[in-house]
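Peer 1: I have a structure here, written as structure tokens, and I will follow up with some questions on it.
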Amino acid sequence: MSDFVDRVTVHVKGGDGGNGSAGIRREKYKPLAGPNGGNGGRGGSVIFVADPNANSLLDYRFMPHRTAESGTMGLGDTKDGSQGADLRLPVPVGTVVFTARGAEGQPKRPGEVLADLRHAGDEFVAAAGGAGGLGNAALANKTRRAPGFALLGEPGEERDVILELKSIADVALVGFPSAGKSSLIAAMSAAKPKIADYPFTTLVPNLGVVQAGDMRYTIADVPGLIPGASQGKGLGLQFLRHIERTEIIAHVIDCATLEPNRDPVADYRALEKELAEYAEELELPLGAIPIPERPRVIILNKVDMPEAKELAEFVKPEFEKMDLPVYVVSTASHEGLKELNFALANLVTEMRKDVAAREASAEEERVVIKPLEEAGTRRLNGRNGDVQEFTIEREEDGNGNYWYTVTGTKPERWVVQTNFDNDEAVGYLADRLAKLGVEDALRKNGAKPGDEVRIGRGARAVAFDWDPTIAAGAEMLDGTQLGSRGHDLRLEEEDTRARRRTNAERRRQYHEMMDARAAVRAAMQAEREAGHWADPSIDDDRHDETSLFGRGEPEEYEDESDDGSGRTGSGRTGSRGDEA
């Protein structure tokens, strides 16, 4: 089996994000000190990297499924989970990444171009990792102090892509089968291609590095082409794509062929026709030179044979009339190879400067327009209030059943993050959707309570019966709904000194203290005006034995009557005197 693979379908999947943690901090003398669940870690991404040391896609044929590492779950004490490591996959320079089109279980065909890794070090994220879920510590706020739930991690992106290698070389050797292309690249470089005396010996492109003094360039041996290759005949389009990235096209023409109806000029025109037809359907990257505008070089090969030498000298003026440089060479005797080598080196130097200038000009002329929103979305904010981040469609089947489908980045992501086994988490989702405006939009589209609503499409869609009056959230032990979700009465029983007072609480407590002081001052002033504690001769409580001025008289000696004559209790006083 050949060790060269230039097209392969790869299934890539980013790592899943870790779930958030719903923990409660417990300390000494504080059995419920608030939420402390950490966030989940983000999943790793699958990244293709252009590596100059890679020369084939063979590894991906044997291992077509690649998955990045997932993030771990958040922990208590607000410890976040660890992030999954990115999976960096090396691919040869010149690899193009396409979307894979085709039914499941059927061969895939290239679709939209996702990335063109033309330079060493270029990267492309083929499958992004999922975001980690938030823990209940991150979900807590002043109105939701005790969330009893956490968000789930998002699954990583998953899809099929097609990797297609388009060889990047300075010179492409094209020609009919058995024209001597492999022999030429073996004679000019250290490459060791397979060489035999039968057509289509070369089944895979061969790359060789050629040294011409201080100049170094690469040449590619493209497998033999025949008329009709642009329509798929012979090896067809399978290897025509390897000349897309070359700067110079060199026609290797066999001058010693014994096939009828073959001559060097006819071979050149036949191959140029195939290249022109292939170039019409070709989409080149920015700055690339179109195939018809690339310089051509004519190499008349196998002139070590007398009849071939004579034919080469005969047709050389015909090519020169077309303003094409012609070189007469022999890979067997190495005749003319030195001149060809330095001529190609000079031409490559000029073309590299031309390509660099074209790329720089194309980058300056390209206008990059970044859309504010994704298609079909609107943003609800103060600056752009007429923009919505979701769409609602009314769909129905042929049996009279209908439903409403909600699509959008935020609603679909929120559904994936929700743990539907937790009523409070479901209530939090309902709050988010209502705040986004989904419920109002459903009413405007004619939805009624009890209608089926689906959020998202495909395997991750969630369907439910719409009930805008539902109040799913945190509950008390007896089942009574709390005023707000994520609210725990036990937190209100904690010592308020353990938390920082708000400015409103500080002002209220200050005014209460000042009012109490004013009331005390007013009471003391009233007592002072009444004479209390002001005249030592006045005894307010004569029964207080501890009083400084009190006599401590018992109750039976207290004057009990007053006859209005000014004498008080005289009879009792006299009787006491008699007893004395």
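Peer 1: Looking at this structure, is residue 84 touching a residue at least 12 places away in the same chain (Cβ under 8 Å) and within 30 Å of residue 34 (Cα to Cα)?
Peer 2: So residue 84 passes the test.
Peer 1: Consider residue 459 against the criteria (1) of a type outside the set (Lys, Arg); (2) modelled with pLDDT under 85; (3) open to solvent by less than 40 Å² (accessible area, probe 1.4 Å): it satisfies all of them except one. Which criterion is unmet?
Peer 2: (3)
Peer 1: Run residue 236 past the list (1) farther than 26 Å from residue 310 by Cβ; (2) modelled with pLDDT of 70 or more; (3) surrounded by 14 or more Cβ atoms within 10 Å (Cβ to Cβ); (4) not aromatic (Phe, Trp, Tyr) and report the number of the one that doesn't hold.
Peer 2: Among (1) farther than 26 Å from residue 310 by Cβ; (2) modelled with pLDDT of 70 or more; (3) surrounded by 14 or more Cβ atoms within 10 Å (Cβ to Cβ); (4) not aromatic (Phe, Trp, Tyr), residue 236 violates only (2).
The rows are residues; the columns are (1) at pLDDT below 90; (2) outside the structural domain of residue 299 (by the TED database); (3) not in a loop (DSSP other than H, G, I, E, B).
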| residue | (1), (2), (3) |
| --- | --- |
| 311 | yes, no, yes |
| 315 | yes, no, yes |
| 320 | yes, no, yes |
| 332 | yes, no, no |
| 348 | yes, no, yes |
| 352 | yes, no, yes |
| 372 | yes, yes, no |
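Peer 1: If a residue has to be under 20 Å from the mean Cα position of the chain (by Cα) and farther than 20 Å from residue 54 by Cβ to count, how many in segment 75-112 make the cut?
Peer 2: Adding up the residues that qualify gives 9.
Peer 1: Let me ask something else. Are any residues in segment 21-43 open to solvent by 10 Å² or more (accessible area, probe 1.4 Å) and closer than 10 Å to residue 81 by Cα, and if so, which ones?
Peer 2: Passing the criteria: 21, 39, 40, 42.
Peer 1: Same structure, new question: I need every pair where a residue in segment 337-353 that is farther than 16 Å from residue 189 by Cβ and open to solvent by 20 Å² or more (accessible area, probe 1.4 Å) has its Cβ under 6 Å from the Cβ of a residue that is outside any helix (DSSP H, G or I) and of a type in the set (A, V, I, L, M, F, W, C), sequence separation at least 6 or different chains.
Peer 2: Partner pairs satisfying both residue conditions: 347/248.
Peer 1: Then there is this: Could you tell me whether any residue of segment 44-51 is more than 28 Å from residue 132 (Cα to Cα), surrounded by 16 or more Cβ atoms within 10 Å (Cβ to Cβ) and outside the structural domain of residue 218 (by the TED database)?
Peer 2: yes
Peer 1: Further question on the same structure: Mind listing whichever residues of segment 1-53 are among the aliphatic types (A, V, I, L, M), at pLDDT 85 or above and over 26 Å from residue 420 (Cβ atoms)?
Peer 2: 8, 10, 12, 46, 47, 49, 50, listed by residue number.
Peer 1: Still on this structure, please answer the following. Filter segment 279-306 down to the residues that are open to solvent by less than 30 Å² (accessible area, probe 1.4 Å), modelled with pLDDT under 85 and not in a loop (DSSP other than H, G, I, E, B) and list them by number.
Peer 2: Of everything in segment 279-306, those that are open to solvent by less than 30 Å² (accessible area, probe 1.4 Å), modelled with pLDDT under 85 and not in a loop (DSSP other than H, G, I, E, B) turn out to be 279, 291.
Peer 1: Any idea how many residues of segment 433-442 are in a helix (DSSP H, G or I) and surrounded by 13 or more Cβ atoms within 10 Å (Cβ to Cβ)?
Peer 2: 6
Peer 1: Which pairs turn up if I take residues in segment 397-412 that are in contact (Cβ under 8 Å) with a residue 40 or more places away in the chain and look for partners that are aromatic (Phe, Trp, Tyr) with beta carbon separation below 9 Å, at least 6 apart in sequence or on another chain?
Peer 2: 404/466; 406/390; 407/390; 411/390; 412/390
Peer 1: Test residue 118 against the stated conditions and say whether it is in the same structural domain as residue 15 (by the TED database), under 25 Å from residue 72 (Cα atoms) and out of contact with any helix residue (DSSP H, G or I) (no Cβ under 9 Å at 6 or more places or on another chain).
Peer 2: no
Peer 1: Could you go through segment 99-116 and let me know if any residue there is farther than 30 Å from residue 459 by Cα and open to solvent by less than 30 Å² (accessible area, probe 1.4 Å).
Peer 2: no
Peer 1: Are any residues in segment 59-79 in a helix (DSSP H, G or I) and open to solvent by less than 40 Å² (accessible area, probe 1.4 Å), and if so, which ones?
Peer 2: Passing the criteria: only 60.
The values are calculated or read from the model by the stated rules, or taken from the named source; none is laboratory data. Not measured: the values here are computed from a predicted model. Virtual Cβ from ideal backbone geometry, glycine too; neighbours counted across all protein chains shown. Accessible surface is based on the protein model in full, side chains and every heavy atom, while ligands, DNA and RNA are left aside. Shrake-Rupley method; radii C 1.70, N 1.55, O 1.52, S 1.80 Å.
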